[in-house]
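Just so you know, all these numbers are worked out from the coordinates, no wet-lab data involved. What you see is a predicted model; the values in this text were computed from it and never measured. For neighbour counting, all protein chains shown are included, and Cβ atoms are generated from backbone atoms with ideal geometry for every residue, glycine included.
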Amino acid sequence: MTGSTKRRTASPESLEDKFKELEVLYEAFERATAPFVVQAVCGPGCADCCTNVGEIYAATLEALRIARYMEALPVFQAAVLRQKIAENRVQKKRALLLPCPFLDPQKLCAIYPVRPFSCRRLYSVEPCGVKGPVVHREFWALAEQFTRALQALDPRGYSGHLSYVLGLLEDPFFREAYVANRAYPATLGSVLREFDLLAHTRLGV
Ligand code: SF4
């Protein structure tokens, strides 16, 4: 096999490296946007974004990190979350606005340490009310820039609504191929269409 045709196999370490790079990206975004976010009126228990936005996006790399985080939770807690995610997928097909399945009864995030970038880029300098969040223009430009960097970090990934990307990872053949950097199963196309997921390569990476 020549160097150009040799298939690169990702070791589990390289996936861990990707998770570390993801964390570095989140931290860099937090640092870059701190002068804007310091003006936010948001606080624990507000959850307006988690309740009223309806679309929480995730990249495959982020969703895999969330799936692993859930797998390390107590069995009952993980089962409840899986059930809520499955219900969210069904309801999402019928309604536009849904609370996030990870929002707990105290209005706190059940996966806060590994929440996706889509949540990290939400804040408001005024109470949201009916008009929604008010953000700085410069913050928004930075968020778009970091979104592209995130997609570049995950070139074989797909983006879409969080519960849909988690659904994609519930397919053991897809998950195995994604983790091992192998060719995806032939059934992938129909799953992508069902969940309205977009390849990062189609998003300009
Ligand atoms: S993942 Fe967490 S922070 Fe993001 S919308 Fe859901 S509850 Fe809110």
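Some notes on this structure:
- Sequence ranges 116-123, 145-152, 132-139, 39-46, ranked by mean other-Cβ count within 10 angstrom, highest first: 116-123, 145-152, 132-139, 39-46
- Computing FRET efficiency as 1/(1 + (r/R0)^6) for Val125 and Leu97, where r is the C-beta to C-beta distance and R0 is 25 Å, gives about 0.65.
- Our helix-only sum for the chain, with -39,500 (n - 2.57) per DSSP H run of n ≥ 4 divided by its residues, gives a mean residue ellipticity at 222 nm of -16000 deg cm²/dmol.
- If you plug the beta carbon distance of Phe76 and Trp140 into 1/(1 + (r/R0)^6) with R0 = 30 Å, you get a FRET efficiency near 0.15.
- The chain - charge dipole about Cα centre, Lys and Arg +1 at Cβ, Asp and Glu -1, debye rounded to 20: 460 debye
- Kirkwood hydrodynamic radius of segment 110-152, from inverse mean 1/r over distinct Cα pairs, in Å: 11.7 Å
- What the Cα atoms of segment 77-205 give is an Rg and a Dmax of 16.3, 48 Å.
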